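We did not get these values from a lab; they are worked out from the coordinates using the rules stated. Computed from a predicted structure; not experimentally measured. Cβ: placed from backbone, ideal geometry, glycine included. Neighbour counts: every protein chain shown.
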Amino acid sequence: MYRLQHHPRWLGVLIATATALAPGAHARASDHLDTPTVTADPAADIGDLFAWISPDGRRLNLAMTIVGHQFSDRLQYVFHVDSAPRFGDTAASTAIVCRFDAANAAECWAGDADYLRGDAGQPIGLEGQRRRFRVFAGLRDDPFYNNVKGTRAALNAAAAALQTGTTTDPAGCPGFDEVTSWTIFDRWGHTEGGPATNFLAGWTSAALVISVDLDLVNAGGALLAVWAGTYKS
């Protein structure tokens, strides 16, 4: 049994039509440092999740980045792929599971269809015993741009305005005046009064990238939903 260490990251992937699996179809999601639990253990914190179909329409490609700079030997890293003939009618689910030892060697399962173990850190990755999936696991530059200090300054400006009694609409959304709105956007676009800087510039995160035969994950239909989690025993 495994308890959820990080809340699942959901991605609605594709549309339940023939065009859903056309080359180039993709989806993505992102967040970083989102809960006290994963902030305390960056190796459990999923930063980004990507899913796309290969140009030949035969493979599902998956990528998960971890905020920490390495994988933990105390966690499992799991891609869940649900398949359905139509939205809301999941008919099959496949788990692609990877874990790592203290030397960072990978051990991965593509459901019950394939298995691999070894060094997945080379650019070419490591292929499963039955050649049904391939895995890369290693450091990669994080492409996410985040002006953290500017964002916090903008939030502080909004919070200060709310405390002074900013009016709200029936839905509870604040109605900032023009000056306040300008202040919020100005602070968001700067870092400590100067040009905006990317907090994640040069940041490398651990990346788990998997390419799997599409017919291993679409048994339930052409509509795929991809989500991921990190789990601790």
Worksheet item: Which value, in debye to the nearest 20, describes the size of the charge dipole of segment 153-233 about its Cα centre when Lys and Arg Cβ atoms bear +1, Asp and Glu Cβ atoms bear -1, and nothing else is charged?
Response: 300 debye
Item to complete: Find the Rg to Rh ratio for segment 148-195, where Rh is the Kirkwood radius over alpha-carbon pairs and Rg uses the same atoms.
Response: 1.03
Worksheet entry | Förster radius 25 Å - calculated FRET efficiency between residue 102 and residue 40 (Cβ-Cβ, nearest 0.05) | 0.75
Worksheet entry | Semi-axis lengths (Å, descending) of the ellipsoid that matches the C-alpha gyration tensor of segment 78-233 | 44, 24, 12
Worksheet entry | Cut-off 13 Å between beta-carbons: net charge of the residues surrounding residue 93, Lys and Arg +1, Asp and Glu -1 | -3
Worksheet item: Quick one: length gained pulling residue 141 to residue 162 fully straight, 0.36 nm per residue minus the C-alpha distance?
Response: 3.8 nm
Worksheet item: Say each of residue 56 and residue 185 gets a label point 7 Å from the Cα, pointing the same way as Cα to Cβ; how far apart are those two points in nm?
Response: 4.8 nm
Worksheet item: How many angstrom separate the Cα center of segment 38-88 from the Cα center of segment 196-212?
Response: 13 Å
